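The structure appears right after this line, and notes come after that.
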């Protein structure tokens, strides 16, 4: 499966079917993530219900604390 | 120091404690900025989510630059542990941060309209609180709140640009803090890794660099630049 993640093409050995699975694959804790899928914001409550398909563009920010 | 006065110079004297008329005062305050850019900033409305180490600096910087309207939201009050980096004074301990910040701003630029909201910002209310803002700054403290409020802005403010911060704790190099455009409408300032949770602490100097970079992106966007 091929995804464009934060501007880089990534070939994944196993197919991933949801945004939540993509976050798990890259080790990003869901509660720290903000995600855009093909330039649309993904509701954090729907990470496990939002499907990803081959060729999708996904942008992920994993926030750290401090302000 | 001697200052030469030339033919045709416009010289004004002000008696200490007596301010000039408001329109004249405003013109003088902004005499070091190009008038066309000052006009763009004055016409703008910017939201600031959080009034701590980042937000108090962003609010002050934008107000000094003459952004016409600031909507500032934070549920918290001023505590002694804030004073190492946040722009408050001993007299303001216990006051809601948004109220203290509005007071501070009135003290140096009374021409800013400050909407001070003492409220907790959530994914659901983020769009409503900052309705009408063309740019919003994410200036919160906790990683999970940052993620959820930025997601809320992306979801509920489809026209707004978002300027967030992540990775500014500790005493790492100032120059490691960078600004990048990551999503179509999201700008991110920070080194992306220095986490407050690692015990590295928060310092006025480094938090201030991030806050100034956030402010600078916002001013550039308002001036029509593409940072």
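Convex hull volume of the C-alpha atoms in region B:120-227, normalised per residue: 98 Å³.
For region B:36-222, what does the alpha-carbon gyration tensor say about shape, rounded, prolate or oblate, given a ≥ b ≥ c as the root eigenvalues, a/c under 1.5 as rounded, and a/b over b/c as prolate? It is rounded, given that a/c, with a ≥ b ≥ c, falls under 1.5. The Rg/Rh ratio for the protein assembly as shown is 1.04, where Rg is the radius of gyration of the alpha carbons and Rh is the Kirkwood radius.
Set the Cα radius of gyration of region A:2-62 against 2.2 N^0.38 Å, with N its number of residues, and you get 0.97. With N counted as the residues of region B:34-142, its alpha-carbon radius of gyration over 2.2 N^0.38 Å works out to 1.02.
Over chain B, DSSP H runs of length four or greater, each weighted -39,500 (n - 2.57), average out per residue to a 222 nm ellipticity of -10000 deg cm²/dmol.
Coordinate-derived values only; no laboratory data. All values derive from a computational prediction rather than experimental measurement.
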